[in-house]
Amino acid sequence: MPKLTEEQQAKGRKRFLQSPENADAARHVASLTQQEADILGIPLEEHQRIATMEHIRKKASAIGVDSTELFFSLCSDTAEEFATLVKEREAAIEGAIGTSN
């Protein structure tokens with residue numbers, strides 16, 4: 001499976017939340033509190049990261065696309081970078097299930 005850097009992942013989450021069409025998701029993530037994170041036993045930043053990824057998953061489902069590929073598209077700066085991530089993912093899956101050539 002392709003390994004995205006923390007920087008790439010943060011960029012993808014930021015792009016998602018900054019998109020006007022995802023304003024409700026951005027408001028939800030911004031409204032998360034330290035108290036909620038404390039109850040969950042995780043840092044607030046982790047709580048926000050998890051919530052953002054859940055919003056990305058829901059968006060992907062709503063528009064009928066694979067959530068990982070949607071996230072890759074948000075993390076990628078170019079079409080070539082996106083295509084490479086998808087190809088690496090497909091190769092990893094094929095290798096894991098024993099169908100690689």
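The values are calculated or read from the model by the stated rules, or taken from the named source; none is laboratory data. Just so it is clear, the model here is predicted, and its values are computed rather than measured. For neighbour counting, all protein chains shown are included, and Cβ atoms are generated from backbone atoms with ideal geometry for every residue, glycine included. Side chains included, ligands, DNA and RNA excluded: accessible areas come from the protein's heavy atoms. Shrake-Rupley method; radii C 1.70, N 1.55, O 1.52, S 1.80 Å.
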Scanning segment 2-57 for residues that are outside any helix (DSSP H, G or I) and closer than 16 Å to L70 by Cβ gives P2, L4, S19
Being among the polar types (S, T, N, Q), open to solvent by 100 Å² or more (accessible area, probe 1.4 Å) and modelled with pLDDT of 95 or more narrows Q34, Q9, Q18 down to just Q18
Checked against (1) in a helix (DSSP H, G or I); (2) open to solvent by 90 Å² or more (accessible area, probe 1.4 Å); (3) at pLDDT below 95, V86 satisfies every condition except (2)
M53 meets each of (1) buried (at least 16 other Cβ atoms within 10 Å of the Cβ); (2) over 9 Å from the mean Cα position of the chain (by Cα); (3) not acidic (D, E) with one exception, condition (2)
Contact list, first residue from segment 85-97 and closer than 20 Å to Q9 by Cβ and basic (K, R), second anywhere and open to solvent by 60 Å² or more (accessible area, probe 1.4 Å) and modelled with pLDDT under 90, beta-carbon distance below 7 Å, six or more apart or interchain, is R89/M1
If you go through A91, A25, the only one that is open to solvent by less than 60 Å² (accessible area, probe 1.4 Å) and at pLDDT below 95 is A91
The lone condition V65 fails out of (1) assigned to a helix (DSSP H, G or I); (2) under 23 Å from E21 (Cα atoms) is (1)
